[in-house]
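S.K.: The structure that follows is given in the form of structure tokens.
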Amino acid sequence: MAKFKKILLGDMGLIPKPQTSSNLSITDFPFQKPMAQPNYINDLEVIDRMPVSGTYGIKSIASYDKYIQVKLYNQVGEITGKIWENKQTQKPIIDELSTAQALVLSGVYNEYPANSGNMSINLYDYHSLDLNAVSNTELIVKSIYDQNHLDNLLSELKFYLSLMTPDHQETAIELLDLVWDQFIIAPAALGHHHNYINGLFEHTIEVMRVFHYLATKSNTEMIESVLEIQNLQTQCYIEDLSDKINSGKYVRSGMADDNAHYDWFIKQSVHLNDSNPNLSLGLFATLFHDMAKIVEYAYPNDDKKKSYQQFLNLDHDAEKTITLRSDPIGSIYGHIYMSSQFLINQNSKITHKLSVSDIITAQSYILSHHGLPEWGAICKPIDTTALLIHMADFIDSRFASEM
């Protein structure tokens, strides 16, 4: 639902950016601002049999009777590539592709079915990209290239920090100092939401925005707001579904699963009616809820050796990457566990330490931010603050994704 995100979070959206300016001065926030990457590749209106060439990252490989399917991506987005080869002779090609991160290729666009708008690439020539020859990794990976947008996100982060109590704010800034360089460039996912350079930074601020929007309302207003968001998502889903059916594209039916999150949230909110959200600690936990995606994913210009040390106390080198992919070590532990452990591991090493009570509570918020174990959470939410963090993360991920 990427095209619907502005309906939720745009300037005129249901959840607008907070208008209150931050009283956190620039001297209190001594970090470099996120820098947008140039948009090297322009969106083109491609047509059937149109020649294509360039460098693409490899997302996945699949074998079929008459062709090999390679999921490709670059800064524009994703597309399917096909290498026409019979099943019996595919193995050497698949073996070669399986060891490559990216391909330099040439071929032609192929539209199937006819007039559907569904484009793939028939590959005629290709070879693995030499990592040592790469000088500009951003050519392959999609990123945020709107500097004004990144500047606004940075200002918004300062605002949320200014709402924290002094002890939470000081700890948050000191912890951010440890991971800032990677936090502002890491992706938030590989194929679902915010799956691009700067994506983790954008997703985190948006989740803080939704949490702040809901946590500053009365319990009744908060429930009404969530129901309004659910209704908006349903309307967007129907519109998106209609567009895809009309264009002949693949349709995934997922609204029933999403409604389960909303229904469960309403029941829990009624049950916890006497529990007021902890705005400061909630914002603190939301800021770090996905921080270990720095480790879970590999991406261009990451400092994985440093991240292994900070999140896992592990001294280990990592190979250079020019694409977005799962990190072989970080993916074992997962970002929820590692984000939680980051707080307690680093809290003992910094100057402005949080109390044991606050650290444990913030950890529980991170461990439960997927809601329930069947949705990926490690534990269940303990209070309204935890419920709101889950819903804020869930809502932003849904409105930022194509359904």
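The values are calculated or read from the model by the stated rules, or taken from the named source; none is laboratory data. Since the model is a prediction, treat every value here as computed from it, not as a measurement. Positions of Cβ are backbone-derived with ideal geometry, glycine not excepted, and every protein chain shown enters the neighbour counts. All accessible areas refer to the heavy atoms of the entire protein, side chains included, with ligands and DNA or RNA removed. Shrake-Rupley method; radii C 1.70, N 1.55, O 1.52, S 1.80 Å.
S.K.: Please work out if residue 154 is more than 24 Å from residue 350 (Cα to Cα), in contact (Cβ under 8 Å) with a residue 24 or more places away in the chain, in a helix (DSSP H, G or I) and among the aliphatic types (A, V, I, L, M).
M.R.: On the way: more than 24 Å from residue 350 (Cα to Cα): no; in contact (Cβ under 8 Å) with a residue 24 or more places away in the chain: yes; in a helix (DSSP H, G or I): yes; among the aliphatic types (A, V, I, L, M): yes.
Criteria not met by residue 154.
S.K.: In the stretch 353-376, how many residues are open to solvent by 80 Å² or more (accessible area, probe 1.4 Å) and under 18 Å from residue 283 (Cβ atoms)?
M.R.: From the stretch 353-376, those open to solvent by 80 Å² or more (accessible area, probe 1.4 Å) are 353, 356, 360, 374; that's our starting set.
Now restrict to residues that are under 18 Å from residue 283 (Cβ atoms): 360.
Number satisfying all stated conditions: 1.
S.K.: Give the stretch 356-403 a look and list any residue that's in contact with a Ser or Thr (Cβ under 8 Å, 6 or more places away or on another chain) and of a type in the set (Lys, Arg), or say none.
M.R.: 380
S.K.: Please list, ordered by first then second residue, the pairs with beta carbon atoms under 8 Å, 6 or more apart or interchain, first in the stretch 78-89 and more than 30 Å from residue 189 (Cβ to Cβ), second assigned to a loop (DSSP other than H, G, I, E, B) and open to solvent by less than 100 Å² (accessible area, probe 1.4 Å).
M.R.: So the pair list comes out as 87/64.
S.K.: Is there a residue in the stretch 188-199 that is part of a helix (DSSP H, G or I) and either in contact (Cβ under 8 Å) with a residue 24 or more places away in the chain or touching a His at 6+ places or on another chain (Cβ under 9 Å) (or both)? Spell out the reasoning first.
M.R.: Filtering the stretch 188-199 down to residues part of a helix (DSSP H, G or I) leaves 199.
Pick out the ones that are also either in contact (Cβ under 8 Å) with a residue 24 or more places away in the chain or touching a His at 6+ places or on another chain (Cβ under 9 Å) (or both) and you get 199.
Yes; the residues of the stretch 188-199 include at least one that is part of a helix (DSSP H, G or I) and either in contact (Cβ under 8 Å) with a residue 24 or more places away in the chain or touching a His at 6+ places or on another chain (Cβ under 9 Å) (or both).
S.K.: Which ones in the stretch 214-230 are of a type outside the set (Gly, Ala, Ser) and farther than 12 Å from residue 279 by Cβ?
M.R.: Narrowing the stretch 214-230 to residues of a type outside the set (Gly, Ala, Ser): 214, 216-217, 219-224, 226-230.
Passing the criteria: 219, 220, 221, 222, 223, 224, 226, 227, 228, 229, 230.
S.K.: Quick check on residue 304: is it modelled with pLDDT under 95, open to solvent by less than 60 Å² (accessible area, probe 1.4 Å), among the charged types (D, E, K, R) and over 26 Å from residue 373 (Cβ atoms)?
M.R.: On the way: modelled with pLDDT under 95: yes; open to solvent by less than 60 Å² (accessible area, probe 1.4 Å): yes; among the charged types (D, E, K, R): yes; over 26 Å from residue 373 (Cβ atoms): yes.
Yes: the conditions hold for residue 304.
S.K.: Also, I was wondering about something else. Going through the stretch 53-85 one residue at a time, which ones are open to solvent by 40 Å² or more (accessible area, probe 1.4 Å), closer than 15 Å to residue 196 by Cβ and not aliphatic (A, V, I, L, M)?
M.R.: Within the stretch 53-85, 59, 78 meet the criteria.
S.K.: If I ask for residues that are surrounded by fewer than 21 Cβ atoms within 10 Å (Cβ to Cβ) and out of contact with any Asp or Glu (no Cβ under 8 Å at 6 or more places or on another chain), which ones from the stretch 334-352 would you list? Even if it seems obvious, please write down each step before you answer.
M.R.: If we filter the stretch 334-352 for residues that are surrounded by fewer than 21 Cβ atoms within 10 Å (Cβ to Cβ), which is where we start, we get 334, 337, 341, 344-352.
Correct list: 337, 341, 344, 345, 346, 347, 348, 349.
S.K.: Of everything in the stretch 86-106 that's over 31 Å from the mean Cα position of the chain (by Cα) and outside any helix (DSSP H, G or I), which residue is surrounded by the most Cβ atoms within 10 Å (Cβ to Cβ)? Walk me through it before giving the result.
M.R.: First pass over the stretch 86-106, keeping only residues over 31 Å from the mean Cα position of the chain (by Cα): 86-93.
So of that shortlist, the ones also outside any helix (DSSP H, G or I) come out as 86, 90.
Details: 86: 10, 90: 19.
Applying the filter and picking the extreme gives 90.
S.K.: Shifting gears a bit: Counting just the residues of the stretch 378-398 that are among the hydrophobic types (A, V, I, L, M, F, W, C) and more than 15 Å from the chain's Cα centre (by Cα), which one comes out nearest to residue 217 (Cα to Cα)?
M.R.: Applying the filter and picking the extreme gives 388.
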